[in-house]
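Engineer: This is the structure I want to talk about, given as structure tokens.
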Amino acid sequence: MNLTTLKYFISVASLGSITEVAKEAYVSQSAVSKTIKQLEEEIGVELFDREGRTI
């Protein structure tokens, strides 16, 4: 876990969109999604309910 991972998590939680976070951070959507998934695996908890393309 690092600071960037936590920033992505907080941003996704507040914006409700991985795509919007990726745009703001100038990274790909898959990079943010992968980072969030790694965080979930690291702590052993699903942080977001994913339904199709929404969080």
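Engineer: Within the range 5-29, can you find the residues that are open to solvent by 70 Å² or more (accessible area, probe 1.4 Å) and either closer than 22 Å to G52 by Cβ or of a type outside the set (D, E, K, R) (or both)? Spell out how you get there, then give the answer.
Structural biologist: Quick first cut of the range 5-29, residues open to solvent by 70 Å² or more (accessible area, probe 1.4 Å) only: 7, 10, 14-15, 20, 23-24, 26, 29.
I10, S14, L15, E20, K23, Y26, Q29 - these are the residues of the range 5-29 that are open to solvent by 70 Å² or more (accessible area, probe 1.4 Å) and either closer than 22 Å to G52 by Cβ or of a type outside the set (D, E, K, R) (or both).
Engineer: Could you run through the range 5-42 and say how many residues are touching a residue at least 24 places away in the same chain (Cβ under 8 Å) and over 10 Å from the mean Cα position of the chain (by Cα)?
Structural biologist: 1
The values are calculated or read from the model by the stated rules, or taken from the named source; none is laboratory data. Predicted, not measured: the structure shown is a model, and the values here were computed from it. Every residue, glycine as well, gets a Cβ built from its backbone with ideal geometry; the counts of neighbours run over all protein chains shown. Surface areas here come from the heavy atoms of the whole protein model, side chains and all, with no ligands, DNA or RNA. Shrake-Rupley method; radii C 1.70, N 1.55, O 1.52, S 1.80 Å.
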